[in-house]
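Chemist: The structure follows.
The values are calculated or read from the model by the stated rules, or taken from the named source; none is laboratory data. The structure presented is a predicted model; accordingly, all values stated were derived computationally and were not measured. Here the Cβ positions follow ideal geometry from the backbone for every residue, glycine too, while neighbour counts run over all protein chains shown.
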Amino acid sequence: MSGRAVLATSLALSGVSALQLPVQLPLQQFVPSKLPWSSSSDSGVDSELIAKPLVDSETLQKHITSDALKARAKDLYEIAKKSEDEYNHPTRVIGSEGHLGTLEYIWDQLSQLGDAYTLSKQGFPAVMGNVLESRLVIGDKVPNTATAFALTPATKNKQPVHGDVILVKNQGCDAADYPTEIEGNIAFIKRGTCAFGTKSALAGKAGAVAAVVYNNEDNDDELHGTMGTPSPDHVATFGLSGNEAAPFIKKIESGEKVDAIAYMDAMVESIKTTNIVAQTTRGDPENCVMLGAHSDSVPEGPGINDDGSGSMSLLEVATHLAKYDVNNCVRFAWVSGEEEGLLGSDYYVSSLSPEENSKIRLFMDYDMMGSPNYAYQIYNATNEENPVGSAELKELYIEWYEKHGLNYTLIPFDGRSDYDGFIRNGIPGGGIATGAEGVKTKEEEAMFGGKAGEWYDHCYHQLCDDTTNVDLEAWEINTKLIAHSVATYAHSLDGFPKRDVDATIKAESYGSQVKYHGSKLVL
Ligand SMILES: *[C@@H]1O[C@H](CO)[C@@H](O)[C@H](O)[C@H]1NC(C)=O
Ligand SMILES: *[C@@H]1O[C@H](CO)[C@@H](O)[C@H](O)[C@H]1NC(C)=O
Ligand SMILES: [Zn+2]
């Protein structure tokens, strides 16, 4: 008994220096009442040591208040202002003072929770794109829907380039689709089948000076794509709506020449950024419940709803969970570089050994918890198309909303947030959200209030995503649901499916179907 206590104390002390905790904290706060590797089955033996009550959902939920969340949002906004010197406005984009401050804040808050968590930082290289200016003129028209793809390179010498518009055959996924006239000219490529990055690289290899990818659907939608992983073969690449592309295609197909001027001032750089992970020191470390939110924002604004809300929900839940014992380990992750294309979560999952991967029983994604014109959205994950357990998680959310008399909708599980890497690596997952740039329907107005015909978050990826851009009621309700999800699985995974042996096959089929990788389309 005493021998154990000594061991526990020395363990705790080594934890103190590793975490650089303030020395003035009383020592007993660091003494784990249970050794980190002890499992739920031997809790009887340890009973005299257990000082904390076992977590239960109702109790954990009661700790969540909108006042605390509101205070967190204010803290985060102040931190975002640290970027003003460099960006002229508040932002928490990776590499900025606002993001470094966010990481420091999360780390500092967690460090104050005594021995409840083992904290770790995971640094990784991230590519960052910045488009300073872009212009596309086709014939004598300036298209309304021309967009610069994320991570696009500049045009040569950051100067305008001029050439004929050359139609690429099929979907432009094969080098043979690029006629020799592409050399020195501008490639016009249909969306579909392969990634935008692949098309741009093939255009570059064929000698194009710029590329335009037009939508494969005849509509007026802007095409917000990303090049994905940068390649030296990439050329400056634009997106264009199907409707705006159609008249030019018709002209060229009838034998007329159409010329264009493309200009892109952009750069792609590599920086280092950091994921933060906090794992409970208690609970069975072979069976971990994992949840994540992203710590970064887009460069355009402070990202208080996206994803300050999810990040702060996790911090609140972690803070209160620290008062309780758990049977299964809980691992919180604040991943970075989500807005650049899920970089942090991809890096995290891909760096897990198969053994470490198998310890994660499920991953829950919490991105945008308090959209001002919210809907309660649940990712429509299924056991048929996703690793087994994803459907059980979806059921947990459904039951909770139903129990509280709240409406919900199911939304596509299509790769738009950090769950993507987990699903691709065989880990069951899901999550909830409250809506980004989608438009609320009439039915949803009846279900959730708010305004039909408007975006769920009218400040999505903009400067106005500030402290006034969160619906506190929705945020509080969803944070209680997060607490419920954590407490339920931390308490027991009985009946939750074991890890799925067929998951890799499903991950492949999932991977070939999703069109998004983060907020931007990849194909
Ligand atoms: C959810 O996914 C299942 C399986 O793919 C599909 O049949 C169902 O229509 C989806 N539900 C919604 C509301 O999208
Ligand atoms: C749920 O949606 C229905 C309409 O489909 C509406 O009548 C009801 O008031 C909504 N419930 C809540 C709690 O908003
Ligand atoms: Zn987000």
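Chemist: In the list Gly283, Gly228, Gly242, Gly255, which residue meets the criterion of being under 20 Å from the mean Cα position of the chain (by Cα) and not acidic (Asp, Glu)?
Modeler: Gly228
Chemist: Right, something else. For residues that are assigned to a strand (DSSP E or B) and under 14 Å from the mean Cα position of the chain (by Cα), tally how many sit in the stretch 286-305.
Modeler: Selection size over the stretch 286-305: 4.
Chemist: Just to check your reading of the model, which residue among Thr193, Thr229 is on the phi > 0 side of the Ramachandran plot, surrounded by fewer than 16 Cβ atoms within 10 Å (Cβ to Cβ), in contact (Cβ under 8 Å) with a residue 40 or more places away in the chain and outside any strand (DSSP E or B)?
Modeler: Answer to the selection: Thr193.
Chemist: Report, by residue number, each residue of the stretch 264-295 that is out of contact with any helix residue (DSSP H, G or I) (no Cβ under 7 Å at 6 or more places or on another chain), under 10 Å from Val330 (Cβ atoms) and among the polar types (S, T, N, Q).
Modeler: If the condition is that a residue be out of contact with any helix residue (DSSP H, G or I) (no Cβ under 7 Å at 6 or more places or on another chain), under 10 Å from Val330 (Cβ atoms) and among the polar types (S, T, N, Q), then Gln279 is the only one that fits.
Chemist: Gly389 is checked against (1) within 19 Å of the chain's Cα centre (by Cα); (2) within 16 Å of ligand 1 (Cβ to nearest atom) and fails just one. What number does that condition carry?
Modeler: (1) is the only condition that Gly389 fails.
Chemist: Show the residue pairs that are 6+ apart or on different chains and have beta-carbon atoms under 6 Å apart, the first residue being within the stretch 397-423 and within 22 Å of Gln513 (Cβ to Cβ) and away from ligand 2 (no atom under 16 Å from the Cβ), the second being β-branched (Val, Ile, Thr) and not in a strand (DSSP E or B).
Modeler: Asp414/Val514; Gly415/Val514; Gly421/Val349; Phe422/Val349
Chemist: Of all residues in the stretch 448-474, which are over 18 Å from Glu399 (Cα atoms) and either within 16 Å of ligand 1 (Cβ to nearest atom) or of a type in the set (Phe, Trp, Tyr) (or both)?
Modeler: Correct list: Trp455, Tyr456, Tyr460.
Chemist: I would also like to ask the following. In the stretch 354-371, what count of residues is obtained for those that are crowded, with 24+ Cβ neighbours inside 10 Å and not in a strand (DSSP E or B)?
Modeler: 5
Chemist: Between a first residue in the stretch 131-158 that is within 19 Å of Ala187 (Cβ to Cβ) and among the small types (Gly, Ala, Ser) and a second residue that is exposed (fewer than 15 other Cβ atoms within 10 Å of the Cβ) and modelled with pLDDT of 95 or more, which pairs have beta carbons less than 7 Å apart while being 6 or more apart in sequence or on different chains?
Modeler: Cβ pairs passing all conditions: Gly139/Asp259.
Chemist: Here's another thing I want to ask about it. Suppose we keep only residues that are among the polar types (S, T, N, Q) and outside any helix (DSSP H, G or I) within the stretch 322-353. Which one would you say is farthest from Pro125 (Cα to Cα)?
Modeler: Taking the candidates together, the pick is Asn327.
Chemist: Separate question: Return a yes/no flag: does the stretch 306-321 have any residue that is part of a loop (DSSP other than H, G, I, E, B) and polar (S, T, N, Q).
Modeler: No - not one qualifying residue is present in the stretch 306-321.
Chemist: Can you tell me which of Ala436, Ala391, Ala381 is closer than 30 Å to Val349 by Cβ, away from ligand 2 (no atom under 16 Å from the Cβ) and either out of contact with any helix residue (DSSP H, G or I) (no Cβ under 8 Å at 6 or more places or on another chain) or among the β-branched types (Val, Ile, Thr) (or both)?
Modeler: That would be Ala391, the only listed residue that is closer than 30 Å to Val349 by Cβ, away from ligand 2 (no atom under 16 Å from the Cβ) and either out of contact with any helix residue (DSSP H, G or I) (no Cβ under 8 Å at 6 or more places or on another chain) or among the β-branched types (Val, Ile, Thr) (or both).
Chemist: Which of the residues belonging to the stretch 196-222 are surrounded by 22 or more Cβ atoms within 10 Å (Cβ to Cβ), in contact with a Ser or Thr (Cβ under 6 Å, 6 or more places away or on another chain) and under 19 Å from Asn243 (Cα atoms)?
Modeler: Ala211, Asn215
Chemist: For the stretch 375-398, which positions are away from ligand 3 (no atom under 15 Å from the Cβ), outside any helix (DSSP H, G or I) and crowded, with 21+ Cβ neighbours inside 10 Å?
Modeler: Ala375, Tyr376, Ile378, Ala381, Asn386, Pro387, Gly389
Chemist: Restricted to the stretch 255-277, and to residues that are modelled with pLDDT of 95 or more and among the polar types (S, T, N, Q), which residue is farthest from Thr155 (Cα to Cα)?
Modeler: Asn275
Chemist: Within the stretch 399-447, how many residues are away from ligand 1 (no atom under 16 Å from the Cβ), more than 14 Å from the chain's Cα centre (by Cα), assigned to a helix (DSSP H, G or I) and surrounded by 15 or more Cβ atoms within 10 Å (Cβ to Cβ)?
Modeler: So the count comes out to 3.
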